[in-house]
């Protein structure tokens, strides 16, 4: 009967989770979803999946954001394919993310239960584990991660970490084969913090298998246990280092993580951690895009307060490690800090904090908080033995879960439209120029130009050198019938960030609307050179060609110039123009002309290889790319194209 009751409770918890997130499945794409999904042409053909593992260029349509996360790009491509439409369908993405979230919930229950049993076996541990799982999954702050589609990386990589623990714990006889590292490899392809599995596993083994207190790690026995544990996780450490180095090698040079100096970022993160802990207990000030800025002064009150707070938490962890039964508190606190290391330590990010980042770290806070309260309750035997007190405790737990569920349901509604989301940001993070700009976008979409102008001007006041503000001011003034002002803003956007293809995308679109197709072709060509897989720039380029009657004056000018001044570079540019037009035979011909002038021109060989790949003439592609690499051994793009040609040729043989 007890087992049946528990099973019903588990099913009700899962049903409640479904009800909590029932209003989020049709929430639209937001923020970084635009360049990783909406304008990313690479994910629109599931056959591109093998190429995702070549380098990071397929991750985003923006060169500065092209991190090496092939697993994440693969998930996005699969969901695009499952959506079955010409454009990505948010529902399909949310459905896939939620399925992984449910799997994470099931895995978390077994994980928590194992940790609690290892510390202090008790008949109620499974109930404590169930409550811990529900507390994490219902937590209002975690709605920020589940609603933000591209942050599926957080929930998926977290699931892989927990899965790795379960394989390690439940299949001890297979540990010699290191199978528990397989989920880490898969998770790393989706997001880098999955590598924290190894230090977390080290901590678990040291605390629960070696039964080591942190107060004795410097004793002879403690040092021996640390060394033995290090030896146990050494294969994982080596694998993690190799994965990290490989990803760095595959990351395009144009990738720009942003951020301030390491020291400034590190001292800022001390108080950011206070914010994350505050949101764990009081998630009332969640913001999709905060306005926190780096703290420059190391003696700032916030830096001092944050440092003291970290010391306080670590002292609790050390003290709790003295006894076996309280070590889940130690493990939970250390989990929180270890999980935060990739985003809150020596790796500066453009934003000093995001409220979706603690998703993975919060597992540790849940463990430490729930188990700590349980230890207090166990000492008060009357709470368990007295039916009235016991029901009062259960009711309190249910009230907490319901409160978080309501909060998460509300955050789902906030994420249900751009207007709601960015209005919320302007209220909670009024110093964020991007928030004001995006709120202005929502008003411009409604035709509320006066309100949009106010929001854009506020954004420009806060972030005067942000190119996107100038882009949107250009769009707004064009819509208001002010072409001179509009063009000035588009041009200023390009001057502020001429490496951003979005500046060329919107200026090119504006020029097409102004019936200036030849100028648009020139601008859009520059955008394509920066981001060849940008879906919208490709479409606008085709539109500009059609609007000009199919004539490409840029192309004709190139041909005329080559008649009087034939150069290798000129023919190379001509080959690129033909490639973007889809005339691959002409692309090859132009590249061959470049090679007649400059026989060892690696770029020309690479262009030929790319064109032959599209034409599925893989033997010729392999020959051309091999020549490019012979001339320039470190030519990574040619290596990628060569690999694609070889892989496709092998597939043909397999058929």
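The numbers here are math on the coordinates, done by the rules we state, and not lab data. Worth saying up front: this structure is predicted, and the values here are computed from it rather than measured. Neighbour counts run over all protein chains shown; Cβ positions are idealised from the backbone, glycine included.
Taking square-rooted eigenvalues a ≥ b ≥ c of the alpha carbon gyration tensor, is the range 465-529 rounded, prolate or oblate, where a/c under 1.5 means rounded and, failing that, a/b exceeding b/c means prolate? It comes out oblate by the Cα gyration axes.
Given the rule -39500 (n - 2.57) for each run of at least 4 DSSP H residues, summed and divided by the residues of the chain, what is its mean residue ellipticity at 222 nm, to the nearest 500 deg cm²/dmol? Mind dumping the intermediate values first?
Values: 30 runs with 447 residues, N = 655.
Roughly -22500 deg cm²/dmol at 222 nm, from the helical runs in the chain.
How many angstrom separate the Cα center of the range 392-414 from the Cα center of the range 417-469? The range 392-414 and the range 417-469 have Cα centres spaced 31 Å from each other.
Once Rg and the Kirkwood radius are both taken over the C-alpha atoms of the range 1-141, their ratio Rg/Rh works out to 1.11.
Where does helix 220-250 land angle-wise versus the long Cα axis of the chain, in degrees 0 to 90, nearest 10? In the chain, helix 220-250 runs at an angle near 20 degrees to the longest axis.
Semi-axes of the equivalent ellipsoid for the range 249-326, computed as √(5λ) from the eigenvalues of its C-alpha gyration tensor and ordered from largest down, come to 28, 18, 16 Å.
The range 578-635 and the range 216-254 have Cα centres spaced 42 Å apart. Using alpha carbons only, how many degrees (0 to 90, rounded to 10) separate the axis of helix 535-547 from the longest principal axis of the chain? Value to nearest ten degrees: 20. Each Cα pair of the chain feeds into the Kirkwood radius, which the Stokes-Einstein equation turns, at 4 °C and 1.567 mPa s, into a diffusion coefficient of 47 µm²/s. Of the peptides 61-71, 633-643, 379-389, the ranking by mean beta-carbon count within 10 Å, highest at the top, reads 61-71, 633-643, 379-389. In terms of other Cβ atoms within 10 Å, 581, 515, 367, 558 run from fewest to most in the order 515, 581, 558, 367. From the Kirkwood radius over Cα pairs of the range 553-654, Stokes-Einstein at 37 °C and 0.692 mPa s returns a whole-number translational diffusion coefficient of 242 µm²/s. Ranked by the mean number of other Cβ atoms within 10 Å per residue, highest first, peptides 133-145, 39-51, 523-535, 9-21 order as 133-145, 523-535, 39-51, 9-21. Taken along the Cα-to-beta-carbon direction at a fixed 7 Å, the label points for residue 567 and residue 224 span 7.4 nm.
Taking every C-alpha pair closer than 8 Å and separated by at least 6 residues, the mean separation divided by the residue count of the chain gives a relative contact order of 12 percent. For a test of the definition: using alpha carbon positions, the gyration tensor, and the 1.5 limit on a/c, classify the range 202-305 as rounded, prolate or oblate. Here the range 202-305 falls in the oblate category.
Can you give me the Cα centroid spacing of the range 55-102 and the range 494-534 in angstrom? One Cα centre to the other: 25 Å. Rounded to two decimals, the Cα-based Rg/Rh of the range 252-291, with Kirkwood Rh, is 1.11. Length gained on full extension, residue 12 to residue 254: 82.3 nm, using 0.36 nm per residue less the C-alpha separation.
The angle between the Cα long axis of helix 568-581 and the longest principal axis of the Cα atoms of the chain comes to about 70 degrees, rounded to the nearest 10.
Mind running the shape call on the range 323-450? Use the C-alpha gyration tensor, a ≥ b ≥ c as the square roots of the eigenvalues: rounded below 1.5 for a/c, prolate if a/b tops b/c, oblate otherwise.
Oblate.
Taking the average, over residues, of other Cβ atoms within 10 Å as the packing measure, peptides 408-415, 395-402 rank 408-415, 395-402 from highest down.
So, in nm, how far is label residue 400 from label residue 171 when the simple model puts each one 7 Å beyond its Cα toward the Cβ? Each label point is offset 7 Å from its Cα along the Cβ direction, giving 3.5 nm.
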